[in-house]
Amino acid sequence: MSMVHSAAGFEDACVLDAFAGSGALGIEALSRGARSVQFFERAPQACRIVQKNLDALGLDARRARVQKADVLAAAQTLYGVFDLVFLDPPYAYDARDIIAFLTELYTAGKLAQGVLCVYEHDAKDDQFVDNSLASSPFELVKRKKFGDTMVDLLGIAEDGEER
């Protein structure tokens, strides 16, 4: 989180936690000053855990909304414009699908100009991520390795054009 905080900060950000799991990333963003978070999770039990965590913190739907859905299929139905996007999918997801999802959000006008996308993936998939970024409007801002996990910070390339 300090990597994200130093790159963009959280203050007043609209956040998408695309593969929420327990909701830890989005909840942390809220605790650091994010205005709102949309949590997406496919697993019913995980959705219940996120909602239970939000209820325990006294956060309501105006600031934190949990949706049980496949976020990759829901890009067109998301509301608002996001300043920060967390992408922590299961490692079985293909990097091309994740970058295509971001591109769909960008094309639909759902990403703020200075958006920061935090993409966590298996370190052995770096080349797949890089190849996917090469034909997208996004660029790698920073990459940090944590054991077998890589955390990439992605932003919109200056020209904003698919390359």
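Note on the chain: with a GNM built from Cα contacts shorter than 10 Å, the maximum mean-square fluctuation among ALA73, ALA108, ALA95 falls on ALA73. Computed over the chain, relative contact order equals 19 percent, with contacts defined as Cα pairs under 8 Å that lie 6+ residues apart. Couplings 3J(HN,Hα) of segment 145-158, computed from phi: 9, 10, x, 8, 10, 10, 10, 9, 9, 10, x, 6, 4, 3 Hz, in residue order, whole Hz [Karplus 6.51 cos²θ - 1.76 cosθ + 1.60, θ = phi - 60°; x for Gly and Pro]. Springs between Cα atoms under 10 Å define the GNM used for the chain, and in it the highest mean-square fluctuation of ILE99, ILE27, ILE49 occurs at ILE49. Taking a ≥ b ≥ c as the square roots of the eigenvalues of the alpha-carbon gyration tensor, segment 72-113 is classed prolate because a/c is 1.5 or more and a/b outweighs b/c. Enter the per residue convex hull volume of the chain, computed from alpha-carbon coordinates, in Å³ rounded to the nearest integer. Dividing the Cα hull volume of the chain by its residues yields 104 Å³. Close amide H pairs (under 5 Å, H built 1.01 Å from N) link LEU111 with PHE82, residues at least 5 positions away or on another chain. Taking a ≥ b ≥ c as the square roots of the eigenvalues of the Cα gyration tensor, segment 76-154 is classed as prolate, since a/c reaches at least 1.5 and a/b is larger than b/c. Oblate is the label for segment 43-93, because a/c, from the alpha-carbon gyration tensor with a ≥ b ≥ c as root eigenvalues, is 1.5 or above and a/b does not exceed b/c. Once the Cα atoms are used to define both axes, helix 95-107 deviates from the longest principal axis of the chain by about 80 degrees.
The GNM of the chain, with springs linking C-alpha atoms under 10 angstrom apart, assigns the highest mean-square fluctuation among ALA46, ALA92, ALA74 to ALA92. Straight-line reach from LYS110: taking Cα to Cα under 21 Å and skipping same-chain neighbours fewer than 8 places apart, the lysines in range are LYS68. In this structure the amide hydrogen of VAL141, modeled in the peptide plane, comes within under 5 Å of the amide hydrogens of LEU153, LEU154, GLY155, none closer than 5 places in sequence on its chain.
Just so you know, all these numbers are worked out from the coordinates, no wet-lab data involved. Predicted model, so just to flag it, every value in this text is computed and none were measured.
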